[in-house]
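Worksheet: one structure, shown below.
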Amino acid sequence: MGHLLSREGTSLSRERSRRRCGSKVPPRSRSCFLRGPCMLCFIVHGASPPAPEQPLPGRDSPPLCAALSSPEQRAARRLLHLSPAAWEQRGPCQRLLLSGLLPPPVRAFLGSARPPGEPAPDMVCKRKGAGLPACPPCKQPRCGATAPPEPEAAVCECPSEQQLSPVPCASDRAAGGGGPLPRGSAGESGGRGELAAELPPQEEEEESNEPDRQEPLENPSECCRESLQPPTPDINQLPPSILLKIFSNLSLNERCLSASLVCKYWRDLCLDFQFWKQLDLSNRQQVTDELLEKIASRSQNISEINISDCRNVSDTGVCVLAFKCPGLQRYTAYRCKQLSDTSIIAVASQCPLLQKVHVGNQDRLTDEGLKQLGSKCRELKDIHFGQCYKISDEGMIIIAKGCLKLQRIYMQENKLVTDHSVKAFAEHCPELQYVGFMGCSVTSKGVIHLTNLRNLSSLDLRHITELDNETVMEIVKRCKNLSSLNLCLNWIINDRCVEVIAKEGQNLKELYLVSCKITDYALIAIGRYSMTIETVDVGWCKEITDQGATQIAQSSKSLRYLGLMRCDKVNEATVEQLVQQYPYITFSTVLQDCKRTLERAYQMGWTPSMSSAS
């Protein structure tokens with residue numbers, strides 16, 4: 001029955017007569033106009049078996065359809081050649097007549113096969129549409145030439161559901177000469193993959209030139225949903241607390257000169273009060289008293305400030321800062337030689353919660369400022385008065401008696417500080433952990449009092465002119481928590497003292513013996529007796545040879561750094577051998593340090609210039 005609507009329009013009687021004569025009949029094409037579920041599909045693949053064909057008339061008698069004038073009547077007459085059993089089955093024929101696929105004259109000629117009041121069943125092609133969910137109904141024109149275009153909203157966009165092709169009217173077929181449908185017809189989009197083999201060669205070439213179609217989805221219902229693109233990620237969508245945490249990792253320059261210039265929102269975040277709690281203004285000559293006053297007025301909760309090397313800051317600016325920021329806890333002002341006792345007195349009197357004061361290398365600082373610190377700042381824990389040459393025992397003793405929570409104290413080249421200060425700190429500050437009296441007028445009589453400090457972990461006794469070996473050995477024996485000992489520039493320290501240190505220092509990790517009177521025996525004793533020492537520096541020890549360096553590298557299991565700077569009796573070739581044999585140990589010599597410096601430069605992208613000037 002598919003030949004009735006085929007493009008070739010071959011007559012049934014002519015085809016049968018060819019078969020009787022024995023001529024070879026070319027295979028018929030089944031590419032009908034119905035690009036979706038066709039009439040042949042519903043009849044052939046119906047539930048009932050196909051009815052037997054009625055015998056056709058003889059060769060001499062003309063076919064019954066020849067007497068009919070119009071093409072619609074001939075098509076209807078040929079349909080009537082089927083047996084009545086084919087029309088009595090209400091399955092495929094009923095779907096065929098109710099689907100609206102036949103031209104109106106044929107439907108009127110055949111009549112209606114559906115009882116009144118019965119709803120039309122869903123039209124499903126058993127060959128092509130089996131197992132697919134039903135698509136929402138779409139309005140299809142009956143004739144592609146006369147039907148008005150439907151709006152875009154009424155067109156189904158499901159690529160997997162095959163759409164039905166409109167059946168052309170007989171008048172259109174007669175006018176067009178039985179040619180194929182226009183390429184823009186509504187039914188052309190569906191069923192293209194199944195009918196590719198049935199198209200004529202010319203149409204196959206045209207089809208191959210068209211762009212590729214999308215493959216049908218496994219779930220056709222998903223194709224009708226609008227795909228929502230995820231929004232572009234934006235850092236400003238983060239909560240302000242997260243952005244503030246990110247900005248807290250930036251330096252002051254990065255926040256003020258880079259991040260705050262991005263947008264107004266970032267500028268407001270960079271001006272948040274928490275970023276002005278800890279200010280590092282060191283080595284900035286543009287910092288003046290006016291700037292300090294503005295900063296203090298804007299953020300009165302500053303807890304830490306560093307104005308080291310700020311030469312344009314005077315006592316007035318520091319006084320305003322201390323007055324407006326009573327919660328200041330850490331104050332650092334190295335090498336601010338223009339500051340005097342006025343600034344430290346203002347900080348001590350206005351900031352009672354002060355915990356850290358580092359004011360090294362201030363020539364104008366005297367004991368008057370230290371007296372205010374000792375009497376007003378009871379929470380003080382960390383002080384640094386190195387190279388403040390006018391400070392004496394008077395001010396240091398007041399601090400020792402008033403600041404009982406001190407944990408760190410460092411003095412350097414304070415010639416007016418003697419054993420009395422050391423004794424006062426050892427007696428009144430039991431929580432001291434770090435003590436340094438480098439180059440002070442301290443002797444073994446004052447240092448021996450440090451044995452009372454059970455929490456002492458780091459001791460700096462560089463350049464103590466009257467320091468004997470017995471005092472050092474006694475400190476190491478009694479201070480069990482000692483982890484770092486610096487004895488540089490003490491010519492009295494000998495091999496025997498180092499051997500006792502290696503044996504008694506149970507938690508000792510760092511030992512500095514630069515310019516001490518030691519030999520290879522001291523290095524051999526460290527490697528033999530110490531299981532904790534990781535850093536040993538014996539630079540400028542003229543009696544150290546290749547044997548001592550080799551022995552400590554071989555015997556020590558904990559050694560990670562060995563300083564051999566300007567040990568003239570140590571051969572550089574030996575050091576190169578040790579570097580190869582013990583890669584986990586860093587050997588410090590002039591040549592090795594130069595090599596490491598060059599390596600770091602190359603890693604940072606530095607390349608040597610080939611010019612003669614460089």
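Worth pointing out:
- Top-ranked residue in region 457-480 [being in a loop (DSSP other than H, G, I, E, B) and touching a Lys or Arg at 6+ places or on another chain (Cβ under 9 Å); ranked as least open to solvent (accessible area, probe 1.4 Å)]: 479
- When every residue of region 519-529 is checked against the conditions, none turns out to be touching a residue at least 24 places away in the same chain (Cβ under 8 Å) and assigned to a loop (DSSP other than H, G, I, E, B).
- Qualifying residue in region 494-505 (condition: assigned to a loop (DSSP other than H, G, I, E, B) and farther than 19 Å from residue 586 by Cβ): yes
- Restricted to region 546-585, and to residues there that are open to solvent by 10 Å² or more (accessible area, probe 1.4 Å) and part of a strand (DSSP E or B), the residue that is farthest from residue 510 (Cα to Cα) is 569.
- The set of residues in region 362-382 that are closer than 12 Å to residue 410 by Cα and out of contact with any Leu (no Cβ under 7 Å at 6 or more places or on another chain) contains only 382.
- Helices (runs of 4 or more DSSP H) wholly inside region 242-301 containing at least 1 residues that are among the aliphatic types (A, V, I, L, M) and touching a Leu at 6+ places or on another chain (Cβ under 6 Å): 264-270, 289-298
- Residue count for region 586-603, restricted to those that are open to solvent by less than 20 Å² (accessible area, probe 1.4 Å) and outside any helix (DSSP H, G or I): 3
- Criterion violated by residue 372 - all others in (1) open to solvent by 10 Å² or more (accessible area, probe 1.4 Å); (2) modelled with pLDDT of 95 or more satisfied: (2)
- Where residue 331 falls short, out of the listed (1) crowded, with 20+ Cβ neighbours inside 10 Å; (2) at pLDDT below 95; (3) of a type in the set (Phe, Trp, Tyr): (2)
- Conditions (1) out of contact with any helix residue (DSSP H, G or I) (no Cβ under 7 Å at 6 or more places or on another chain); (2) open to solvent by less than 70 Å² (accessible area, probe 1.4 Å); (3) of a type outside the set (D, E, K, R); number of the one not met by residue 487: (1)
- When the test is whether a residue is over 16 Å from residue 559 (Cβ atoms) and of a type in the set (D, E, K, R), residue 477 passes it.
- Look at (1) open to solvent by 10 Å² or more (accessible area, probe 1.4 Å); (2) at pLDDT 95 or above and you find that residue 502 fails only one, number (1).
- Of the residues in region 289-296, at least one is buried (at least 16 other Cβ atoms within 10 Å of the Cβ), more than 39 Å from the chain's Cα centre (by Cα) and at negative phi.
- Restricting region 425-456 to residues that are touching an Asp or Glu at 6+ places or on another chain (Cβ under 9 Å) and assigned to a helix (DSSP H, G or I), the residue that is nearest to residue 483 (Cα to Cα) is 451.
- Taking every residue in region 557-569 that is in contact (Cβ under 8 Å) with a residue 12 or more places away in the chain and pairing it with any residue that is aromatic (Phe, Trp, Tyr) and surrounded by fewer than 16 Cβ atoms within 10 Å (Cβ to Cβ), at least 6 positions away or on another chain, the pairs with Cβ-Cβ distances below 7 Å are 560/584.
The values are calculated or read from the model by the stated rules, or taken from the named source; none is laboratory data. All values derive from a computational prediction rather than experimental measurement. Neighbour counts run over all protein chains shown; Cβ positions are idealised from the backbone, glycine included. Quick note on the areas: whole protein, heavy atoms, side chains included, nothing else; ligands and nucleic acids left out. Shrake-Rupley method; radii C 1.70, N 1.55, O 1.52, S 1.80 Å.
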